[in-house]
Amino acid sequence: GDTRPPVDSFAMAKFANNVDFGMGSLGTNVVWMYNDLAKKGPYKEVEDEDKDDDEAEYASSAPSALSSQKSLALSSGAARMQQLVLKAPSSWNQPFVNPYVPPTDLVMFWGKSTHKGTVASQLTGGSGRASSGQRVRQILHFGTFFGNHYGDSVTGHGRFLHSLDGEEFAGMSLECCKTLLVPPMENDLPLYGEHDEVAKRIRTFVSNGNNLVLTGGDYSSLVFLNKYFHYEVKKTVLDNGPFERLPEGSLPKDLKSRFAKVASTLPQEGLSVTSVRKNSLPTGAKLIYATPFSTPLFQLTYCQAQVDKDACRIAKASGKSCLRDAKPGECPAMHKKGLACSCGRILYDGYDFIGHHSSTIGESTWDETLKSAVSLPYTRKPGPGALAENM
């Protein structure tokens with residue numbers, strides 16, 4: 001007979017993350033789907049195992065929902081997982097329209113205002129509903145809907161981080177390997193002092209080998225980048241594009257493979273793309289797309305090194321860190337001296353992910369850049385960070 005795969009299996013995640021309804025992804029609510037549907041033959045209707053009389057069962061079939069994106073009847077319990085009734089098994093022989101599943105090591109920053117609409121979305125008809133954060137979540141098929149909010153995916157393919165000043169991020173900053181994705185921050189720019197513990201954690205999270213992906217469409221992301229990593233990256237004013245991918249010979253192997261399926265030319269969409277001046281980037285920046293003077297998509301390698309014992313003692317006495325910014329080439333020499341030195345990556349994707357998405361779910365050429373950005377490899381193997389004891 002039909003059997004159900006484990007909730008945390010890849011087969012379940014691949015199906016559950018690719019069912020879209022109305023303004024969002026039904027996502028991993030579909031936890032009772034059968035494995036390898038095209039090979040199972042006829043399927044039974046999914047029954048309510050709890051047998052609650054007041055439980056509202058879904059009336060729409062999955063094939064119908066996939067084609068029309070009609071709303072399903074929701075359970076009376078706000079945080080209950082919902083079930084989908086299968087009535088037309090023949091249509092499951094067709095391939096998934098967009099079989100994308102977010103990586104298990106991906107964490108999305110979801111602050112108090114991330115879901116709110118930006119100025120750009122309001123100007124283009126979103127009335128605050130077309131939030132960049134929501135669009136980013138939809139593109140990546142991220143999270144599970146629990147009746148009145150989105151939470152961590154029950155399949156393990158998607159976690160939300162609601163604050164940078166809590167214990168969860170403190171733990172993340174001490175080890176590798178995670179990718180932290182930060183949607184456009186117009187309504188939620190985290191502000192901390194230079195020597196605040198959270199500011200130190202932001203830097204140490206990256207330098208311990210993790211990846212940080214910042215999205216654009218607003219100057220706030222560049223303020224964040226410059227403030228916490230001590231860069232002086234400058235915004236390009238009124239950049240009309242288009243932006244061409246660099247020749248394969250100019251791209252590092254990992255970037256070339258990840259962005260191979262993305263369009264070779266990316267457009268400016270109104271004011272949706274915030275690019276930066278190429279001459280303002282630090283040494284060693286890896287451009288992915290560019291014009292002769294600007295780039296909307298690039299990668300930086302950020303490193304920190306441990307200061308010597310005397311300097312560390314003085315720094316701690318004044319409330320400062322025992323770590324300093326370092327260039328990637330410095331680490332071998334620091335290791336020879338017995339001092340810790342470690343690097344991670346920052347990728348900036350300058351699109352705001354509203355664009356064509358102003359009032360309805362749509363697609364943009366830029367969507368694929370986001371999927372590529374969150375799949376980049378790490379600079380080291382998973383485990384405790386080299387700088388964990390030196391903050």
Quick one, can you get me the convex hull of the C-alpha atoms of the stretch 184-231 expressed as volume per residue in Å³? 70 Å³
Quick one: how many Å² of Ser221 are accessible to a 1.4 Å probe, rounded to 10? 0 Å²
Rounded if a/c under 1.5, otherwise prolate or oblate - the stretch 125-228, Cα gyration tensor axes: oblate
Amide H contacts of Ser294 (H built 1.01 Å from N, under 5 Å, at least 5 apart or other chain): Lys278
Among beta bridges that DSSP assigns inside the stretch 171-297, antiparallel share in %, nearest 5: 65 percent
Treating every alpha carbon of the stretch 247-302 as one equal point scatterer without solvent, the Debye formula yields log10 I(q)/I(0) values at q = 0.15, 0.22, 0.24 Å⁻¹ of -0.45, -0.95, -1.10
Using only the C-alpha atoms of the stretch 189-320, find the volume of their convex hull and express it per residue in Å³. 125 Å³
Under 5 Å from the placed amide H of Gly143, counting only residues 5+ away or on other chains, we find Ser153
How would the stretch 261-391 be classified by its alpha-carbon gyration tensor: rounded, prolate or oblate, with rounded meaning a/c under 1.5 and the a/b versus b/c comparison settling the rest? prolate
Where a ≥ b ≥ c are root eigenvalues of the Cα gyration tensor, a/c under 1.5 meaning rounded, otherwise prolate if a/b exceeds b/c and oblate otherwise, the stretch 178-265 counts as oblate
Beyond 32 Å between alpha-carbons counts as too far, so tell me which of Lys178/Lys320; Lys112/Lys337; Lys112/Lys327; Lys278/Lys316 fall in that bin. Lys112/Lys337; Lys112/Lys327; Lys278/Lys316
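The values are calculated or read from the model by the stated rules, or taken from the named source; none is laboratory data. On a predicted model such as this, the values are computed, not experimentally measured, just so you know. Protein only, heavy atoms only, side chains kept; ligands, DNA and RNA dropped before computing areas. Shrake-Rupley method; radii C 1.70, N 1.55, O 1.52, S 1.80 Å.
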